[in-house]
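Following: one structure in structure tokens, then a few remarks.
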Amino acid sequence: MSPEEFREWGKRAVDCVADYMRRAEEFPVLSRVRPGDVAAAIPGSPPMQGGVSQNTFFDDLERVILPGLTHWQSPNFHAYFPCNSSGPGIIGEILSAGLNVNGMLWATSPAATELETRVLDWMAEMLGLPACFRSTSERGGGCIQGTASESTLVALLAARKRAMQKSPTASGLTLYASTQAHSSVIKSAMIAGLASGPEDRSNVRLIGTDQNHAMRADLLKRALSEDVGAGRTPFFVCATVGTTSSTAVDPVPEIAEVIRGMAPGCWLHVDAAFSGAACICPEFRWMFGGVEHADSLCFNPHKWLLTNFDCDCFWTRDKETVTGALSITPEYLRNQASQSGQVIDYRDWQIPLGRRFRALKLWLVIRYYGVEGLQAYIREHIRLAAMFEKWVRADERFEVVAPRTVSLVCFRLRGGPEADARNRTLLERINATGKVYLSHTMLPGPDGKDRYVLRMAIGASATEERHVRTAWEVIRGSVP
Ligand code: PLP
């Protein structure tokens with residue numbers, strides 16, 4: 001494709017995206033296609049021998065692809081956690097794709113590395129993180145990982161490195177997270193060879209939670225004590241700031257204190273994948289209390305900070321251990337800059353070798369909106385969530401089943417486990433309208449038994465008050 005032809009196609013693509021921004025709310029939020037429908041609309045073998053025309057391609061996009069999407073950019077998308085997007089985020093992606101550098105080493109694109117370092121320092125300052133996580137500190141710094149799951153894995157591998165360095169013959173490496181922690185903690189254990197499958201608890205301890213679904217530090221203490229007593233080596237604790245099911249906030253200061261007392265040197269990772277974004281507002285920074293004791297932490301601007309997928313900010317106070325766990329230098333990667341010790345090679349901070357220039361989009365998002373613009377964005381979603389919560393509480397058919405810490409409201413039709421089926425039907429009816437999309441989880445009730453819960457996650461980039469009002473109307477009108 002020549003630059004001239006690219007310009008023509010590109011204009012059409014940008015028009016298509018700009019139209020989509022406006023049209024996203026007109027589609028059924030949850031795709032209605034059945035398994036195989038999309039594949040059936042795309043000719044099978046042989047692949048096309050000739051090239052496609054612009055019109056044909058964009059017609060196919062409209063006819064085949066759009067109906068097969070679940071519209072994460074719809075302002076009526078309230079399922080899971082959001083997957084944010086914005087004009088500046090998209091433009092950053094376009095530019096990054098156009099320049100298409102591989103920033104694996106400083107030398108393979110100095111600007112990619114140095115911008116990333118700078119943007120991560122900005123972001124650390126915006127979140128009020130302690131100086132030990134900045135690149136200007138002696139041993140700390142940050143980088144962009146693809147996802148929070150990758151950050152968890154990187155942190156776990158660093159933790160293992162530290163434990164093995166301290167005691168090369170250490171046995172029974174054991175890791176800890178709450179029963180509400182994201183599945184990526186167990187998946188990391190599986191990848192690292194510490195769990196043979198999701199249910200293997202030989203080296204994994206899932207710590208019980210309190211009535212707010214936050215990790216109980218006293219139970220962590222007991223588990224550490226038992227394991228240390230049995231000659232095992234606690235090496236990794238993952239605390240969650242904003243759990244996936246209910247945005248519960250684990251008590252990081254108490255967890256850090258327990259670790260200091262029972263298993264000094266054990267790595268503490270803070271997973272703030274969703275809720276971390278709220279900490280750009282000083283009034284929500286209490287959630288980051290105690291992170292000065294963490295060895296690493298992460299959050300996802302791609303969830304709730306207007307930055308297109310993928311973008312997870314990861315910081316550590318102990319970069320030597322992170323790179324010690326992940327660095328390997330074959331001859332073909334040797335270069336003067338790396339050997340000078342004056343540069344960062346981000347390949348040493350992550351699982352793959354190659355890496356995208358993700359800092360560009362985050363840089364543009366921060367510069368376009370400014371800190372105040374981003375704070376206003378977060379505050380508005382939290383205001384809408386508080387409003388929604390009030391409506392739910394005022395309707396006696398419903399109950400709110402977890403404290404709302406930021407912009408997620410967990411609620412259900414009243415009743416014990418016997419009301420689960422009605423709640424499931426309610427969610428099915430809501431989503432069948434196509435007007436909104438919510439998802440569910442299971443949370444322990446006052447009797448400790450799991451209950452089916454609906455999650456109203458407010459945080460899609462385009463969500464306004466009118467969309468939340470629509471959602472509440474749809475929910476009330478769907479009660480079985
Ligand atoms: N951690 C938490 C607390 C999450 O809520 C999620 C996803 O919702 C993840 C990790 C996984 O995020 P990612 O898709 O970036 O790996």
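Laboratory data are not the source of any read-out in this text; all were calculated from the coordinates shown. None of the values given here were measured: they were computed from a predicted structure. In this analysis, Cβ positions are derived from the backbone assuming ideal geometry, glycine residues included, and neighbour counts consider all displayed protein chains.
Structure values in brief
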{"item": "Residue among L326, V119, T405 farthest towards the positive dipole end of the chain, charges placed on Cβ", "result": "T405"}
{"item": "Proximal charge balance of F357 [Cβ under 13 Å; K/R count +1, D/E count -1]", "result": "0"}
{"item": "Reference-scaled alpha-carbon Rg (2.2 N^0.38 Å with N residues) for region 71-132", "result": "1.48"}
{"item": "Exposure proxy ranking, count of Cβ atoms within 10 Å, fewest first, for E418, E465", "result": "E418, E465"}
{"item": "Expected 222 nm ellipticity per residue - DSSP helices of 4 or more, -39500 (n - 2.57), all of the chain, to 500", "result": "-12500 deg cm²/dmol"}
{"item": "Whichever aspartates and glutamates have a C-alpha closer than 19 Å to that of K221, once near sequence neighbours (fewer than 8 apart) are set aside", "result": "D210, D250, E254, E257, D295"}
{"item": "Cα-derived Rg over Rh, computed across region 165-249 with Rh taken as Kirkwood radius", "result": "0.98"}
{"item": "Whichever aspartates and glutamates have a C-alpha closer than 20 Å to that of K11, once near sequence neighbours (fewer than 8 apart) are set aside", "result": "D19, D59, D60, E62, E93"}
{"item": "Shape call, region 102-356: gyration tensor on alpha carbons, a/c limit 1.5", "result": "oblate"}
{"item": "Length released on extending from S167 to L353, taking residue separation times 0.36 nm less the Cα-Cα span", "result": "64.1 nm"}
{"item": "Unit charges on C-beta of K, R, D, E only; dipole of the chain, Debye", "result": "580"}
{"item": "Descending Cα extents along the principal axes, region 392-454, whole Å", "result": "34, 28, 21"}
{"item": "Debye log10 I(q)/I(0) for region 3-73, one point scatterer per Cα, at q = 0.13, 0.25 Å⁻¹", "result": "-0.48, -1.18"}
{"item": "Scattering profile of region 225-288 at q = 0.13, 0.15, 0.18 Å⁻¹ [log10 I(q)/I(0), Debye over alpha-carbon scatterers]", "result": "-0.42, -0.53, -0.69"}
{"item": "Cα→Cβ-extended label distance, 7 Å offset, between R393 and L99, nm", "result": "4.7"}
{"item": "Förster-model FRET efficiency, 35 Å R0, T136 and Y332, C-beta, rounded to 0.05", "result": "0.65"}
{"item": "Cα gyration tensor shape of region 119-229, rounded if a/c is under 1.5, else prolate or oblate by comparing a/b with b/c", "result": "prolate"}
{"item": "Reciprocal mean inverse distance between Cα atoms of the chain - Kirkwood radius, Å", "result": "24.0"}
{"item": "Gyration tensor (Cα) of region 261-350, equivalent ellipsoid semi-axes in angstrom", "result": "29, 19, 10"}
{"item": "For S183, S45, S31, S461, order by how many other beta-carbon atoms lie within 10 Å, fewest first", "result": "S45, S183, S31, S461"}
{"item": "Region 228-329 - charge dipole about Cα centre, Lys and Arg +1 at Cβ, Asp and Glu -1, debye rounded to 20", "result": "100"}
{"item": "Residues whose placed amide H lies under 5 Å from that of T174, excluding near-sequence neighbours", "result": "T233, F235, F236"}
{"item": "Cross-link partners of K390 among lysines (Cα-Cα below 25 Å; sequence separation of 8 or more within a chain)", "result": "K303, K435"}
{"item": "Which of H269, H78 has the fewest Cβ neighbours within 10 Å, and the rest in rising order", "result": "H269, H78"}
{"item": "3J(HN,Hα) from dihedral phi, region 207-216, Karplus parametrisation 6.51/-1.76/1.60, rounded to Hz, x for glycine, proline", "result": "8, x, 10, 8, 5, 9, 6, 9, 4, 8"}
{"item": "Using a Förster distance of 25 Å, the FRET efficiency for S196-E320 (Cβ separation, nearest 0.05)", "result": "0.20"}
{"item": "Difference of contour (0.36 nm per residue) and Cα-Cα distance, V371 to E428", "result": "16.6 nm"}
{"item": "From phi via Karplus (6.51, -1.76, 1.60), per-residue ³J(HN,Hα) for region 437-446 in Hz, x at Gly/Pro", "result": "9, 10, 10, 10, 8, 10, 10, x, x, x"}
{"item": "For region 263-345: relative contact order, % (alpha-carbon pairs under 8 angstrom, 6 or more apart)", "result": "23"}
